[in-house]
Amino acid sequence: MAGTGRSPVVLNQIGALVGERIAAHPSRPTVLRHEDGRPPWDIPDGVEVLLTRPLIGWDSAPAARPAGWGRGLRWIQSGSTGMDVYPPWLLDGAPLVTCARGVSAVPIAEYALAAVLAFEKRFDAVRLRGPEDWRRETLGGLSGRRLGLAGFGAIGQAVAERARAFGLSIGAVRRSGWTGSETEPEVEPFDRLEDLIAVSDHLVLALPLTAATRGVVGADLLARAKPGLHLVNVARGALVDQEALLAAIEAGRIAGATLDVTEPEPLPAGHPFYRHPAIRLTPHLSWSAPDVEPRLAERILANLDAYARGAALRDVVNVQAGY
């Protein structure tokens, strides 16, 4: 999509650092700050570019497209990778939409490997709280174990890159399928998640949430899991049937789960996941790192450069696929 040939009016709903960097762009945009308490879909007249993100009220968006929504908008940039946080009408007939694909891939990959290490080395179980806890135990290891990757986009590839250093055997499933040019050394391609889970010691979920993937990890899939599987979810909570996961853990087929995401977030008080000894919960922070916001700003600036030149933008969302 070509730029307008003038300084664009940008509504910034992402944050101050991004706003400052955008305001200094050579195209000299007019950057409007998002007003606290204003619905994120309430866009002032004249705004051409919308920079938006989750957790600012999109979960309360009306089911139907508001009257006048999108009038004058030419480009929407999301600060997240997943687009499931937005109402369907944001993508339905929307202008060009781009996302932050890969911006947080490295910290998420580090989190996933930390979860796998903590599970194998049982850091919580062997932590000493007094001399009465002192005992010798045999710890697990990563070398020769199978790591399964459900999803092989930027996050899955970053996990695989780091897993190789630990001697893990790696298998992966891609939702879009495999071609010879897309396979990577030391990563075994699988066509079906059912086959991958059957041979994996650890399974990392790195899939987008779409109508096709919602609840993909259910009772049927978990019944096919290799006994002793450790599940790591760094994607979206709704990928997992949580009742089925709990039942599989209680039955002893699944050894444990590390869940950075749940459905809903947070889980209600008293939910069994909070105190279950085989489940580690964290508050949807695997994406976080000191350099994430500057990296996001750089990504948006690169797209703004392209927009001003009328060139193709990076990380355009496939509206039909939803990511």
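Here are a few things to note about the model shown:
- Degrees between helix 154-164 axis and first principal axis of the chain (Cα, 0 to 90, nearest 10): 30
- Between S176 and S7, the distance separating the two model label sites (each 7 Å from Cα on the Cα→Cβ line) works out to 3.8 nm.
- Only Cα sites of region 1-125 enter the Debye sum here, all with the same form factor; the resulting log10 I(q)/I(0) across q = 0.13, 0.17 1/Å is -0.61, -0.90, listed in q order.
- Peptides 221-232, 24-35, 82-93, ordered by how many other C-beta atoms sit within 10 Å of their residues on average, highest first, read 221-232, 82-93, 24-35.
- With a Förster radius of 51 Å applied to the C-beta separation of A165 and L128, the computed FRET efficiency comes to 0.95.
- Share of pairwise Cα separations in region 83-212, more than 18 Å, in percent: 62
- As a ratio to 2.2 N^0.38 Å, the alpha-carbon radius of gyration computed for the chain takes the value 1.10.
- For the pair D42 and S288 in one chain, pulling the backbone fully straight at 0.36 nm per residue adds 85.8 nm over the alpha carbon distance.
- Tilt relative to the chain, helix 105-121 - C-alpha long axis, 0 to 90 degrees, to 10: 10
- Here's how it looks for G256: its modeled amide H is under 5 Å from those of L231, which are all 5 or more places away or on a different chain.
- Accessible area per residue (1.4 Å probe, heavy atoms of protein chains only) ranks F166, F273, F119 as F166, F119, F273, with the largest value leading.
- Extension gain, E184 to A312: 0.36 nm times the residue separation minus the Cα-Cα distance gives 43.4 nm.
- Förster radius 22 Å - calculated FRET efficiency between E250 and Y274 (Cβ-Cβ, nearest 0.05): 0.90
- Peptides 203-216, 133-146 ordered by packing proxy, namely the average of other Cβ atoms within 10 Å per residue, highest first: 203-216, 133-146.
- Accessible surface of the chain, 1.4 Å probe, proportion on carbon and sulfur as whole %: 52
- Extent along principal axes [Cα atoms of region 211-267; Å; largest to smallest]: 27, 22, 16
- Local electrostatic count, Q242, Cβ distance below 13 Å [Lys/Arg +1, Asp/Glu -1]: -3
- Pairwise label distance in nanometres, V199 with E265, each label 7 Å out on the Cα-Cβ vector: 3.2
- In this label model, L301 and R33 are separated by 2.1 nm, measuring between points 7 Å along each Cα→Cβ vector.
- The chain - charge dipole about Cα centre, Lys and Arg +1 at Cβ, Asp and Glu -1, debye rounded to 20: 340
The values are calculated or read from the model by the stated rules, or taken from the named source; none is laboratory data. Note that the structure is a prediction, hence the values are computed from the model and not measured. When we count neighbours, we look across all protein chains shown, and the Cβ atoms used for this are built from the backbone with ideal geometry, even at glycine. In case anyone asks, the SASA skips ligands and DNA or RNA and just uses the protein heavy atoms, side chains included. Shrake-Rupley method; radii C 1.70, N 1.55, O 1.52, S 1.80 Å.
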